[in-house]
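K.L.:
Here you go, one structure.
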Amino acid sequence: MAKPLVVVIPHQLGRAEARRRLENGIGQAKEMLQKAGLSMADATWTGDRLSFLVAAMNQRVDGDIDVEEDAVRVEVRMPLLLSLFAHKIQQIVSQNGTKLLTKQ
């Protein structure tokens, strides 16, 4: 297993509003993943943490999204093979996470 990929997305929404926007965007995220040939098998909230599992290229990628008062912290754990794409994945997570949080 490669070193986890961590992306921190700052916001000024407060914890409750940031979580609400993330909850509302889960369906959209699943659709986006399906269009890319990926599937989100599991997404479970425990408090202010969303744990997820995504299947890609016969590989499993899991992670957590922690909603904080002024930031959202995304940690993705991926196999070594997929870590070759870590920089691109980091860009996508950052861009789409910011869009999701700025959407009303």
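K.L.:
What distance in nm separates the two pseudo spin-label positions at residue 69 and residue 51, each 7 Å out from Cα along the beta-carbon direction?
P.N.:
Between residue 69 and residue 51, the label points sit 2.7 nm apart.
K.L.:
Given a 1.4 angstrom probe, what's the average accessible area per residue across region 5-101, in square angstrom?
P.N.:
Working: 5770 Å² over 97 residues.
Roughly 59 Å² per residue, with all protein chains present.
K.L.:
Out of the chymotrypsin sites (Phe, Trp or Tyr not before Pro) in region 22-93, which ones are loop residues according to DSSP with at most 16 other C-beta atoms within 10 Å? Kindly include the intermediate steps, with their values, before the conclusion.
P.N.:
On the way: sites: 45, 52, 85; in loops: 85.
In loop regions of region 22-93 (DSSP not H, G, I, E or B), the sparsely surrounded chymotrypsin sites (Phe, Trp or Tyr not before Pro) are 85.
K.L.:
Once a ≥ b ≥ c are taken as the square roots of the eigenvalues of the Cα gyration tensor of region 44-104, is the result rounded (a/c under 1.5), prolate (a/b larger than b/c) or oblate (a/b not larger than b/c)? Don't skip to the answer; put the middle values down first.
P.N.:
On the way: a/c = 2.31, a/b = 1.46, b/c = 1.58.
Oblate, since a/c reaches 1.5 and b/c is not below a/b.
K.L.:
Here's something else I'd like to know. Angle between the Cα long axis of helix 86-102 and the longest principal axis of the chain, 0 to 90 degrees, nearest 10?
P.N.:
With rounding to tens, the tilt is 20 degrees.
K.L.:
Run the accessible area of region 5-101 with a 1.4 Å probe and give the carbon-and-sulfur part as a rounded percent. Don't jump to the answer; show the numbers that get you there.
P.N.:
Working: 3130 of 5770 Å².
C and S atoms contribute 54 percent here.
K.L.:
Can you pull the one-decimal nm distance between simple spin-label points at residue 12 and residue 77, each 7 Å off the Cα toward Cβ?
P.N.:
So the two model labels end up 3.6 nm from each other.
K.L.:
Report the full-extension gain for the segment residue 94 to residue 39: residue separation times 0.36 nm, less the Cα-Cα distance, to one decimal in nm. Working shown, then result.
P.N.:
Working: separation 55, 0.36 × 55 = 19.80 nm, distance 1.95 nm.
Extra length available between residue 94 and residue 39 comes to 17.9 nm.
K.L.:
Ordering 80, 38 by accessible area with a probe of 1.4 Å, largest first, what comes out? Intermediate values should be presented prior to the final figure.
P.N.:
On the way: 80 120, 38 50 Å².
From most accessible down to least: 80, 38.
The values are calculated or read from the model by the stated rules, or taken from the named source; none is laboratory data. Predicted, not measured: the structure shown is a model, and the values here were computed from it. Note that each Cβ is placed from the backbone with ideal geometry, even for glycine, and that neighbours are counted across all protein chains shown. Note: areas computed on protein heavy atoms with side chains; ligands, DNA, RNA excluded. Shrake-Rupley method; radii C 1.70, N 1.55, O 1.52, S 1.80 Å.
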